Amino acid sequence: MTDKVINDIKDDLFGGLNFGSVSESDKKVLIAKMYRAVEDQAILRFMEEATPEQKAELDELEKQNDQTLIDQFIEDNYGVLEGLFREEALNLRNELIAKFGK
């Protein structure tokens, strides 16, 4: 994903959350963990919603262990993945706001 999309997703995820007195280094660690959680959830959703052809293609690419081909697959399916990332970022943000308040 492009840096702009990643930053937009971070804005979606952290908008409305107050980190208060959390140090910058702790914020970076927290952001990395939260981003990984969003990424994992988005990929799981992609695999649930992918067509049998997409699943078979990705499975074959993983067997070949060629990151260039996997990256091309992701780029080809970019629109779907970007939408899932955004949705999952908003879902996590809303969960955190509901649990910890604003």
For the stretch 34-74, the spread of Cα positions along each principal axis, largest first, Å: 29, 21, 14
Förster radius 25 Å - calculated FRET efficiency between VAL22 and LEU44, Cβ distance, rounded to 0.05: 0.35
All lysines inside 23 Å of LYS99 as judged from Cα atoms, apart from same-chain residues fewer than 8 positions distant: LYS10, LYS27, LYS28, LYS33
Rounded FRET efficiency, nearest 0.05, which uses the C-beta distance separating PHE73 from VAL29 and R0 of 30 Å: 0.50
The stretch 79-86 - phi-based ³J(HN,Hα) in whole Hz, Karplus 6.51/-1.76/1.60, Gly and Pro as x: x, 5, 5, 4, x, 5, 4, 4
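Under the 0.36 nm per residue contour assumption, what length would be gained going from the current alpha-carbon distance of ASP59 and GLU87 to full extension? Write down the numbers at each step before the final one.
Values: separation 28, 0.36 × 28 = 10.08 nm, distance 2.45 nm.
Full extension from ASP59 to GLU87 adds 7.6 nm.
Readers should treat all values here as calculations from the given coordinates under stated rules, not as data from a laboratory. The model shown is predicted, which means the values in this text are computed figures rather than measured ones. Quick reminder, even Gly has a Cβ in these numbers, built from the backbone with ideal geometry, and neighbours come from all protein chains shown.
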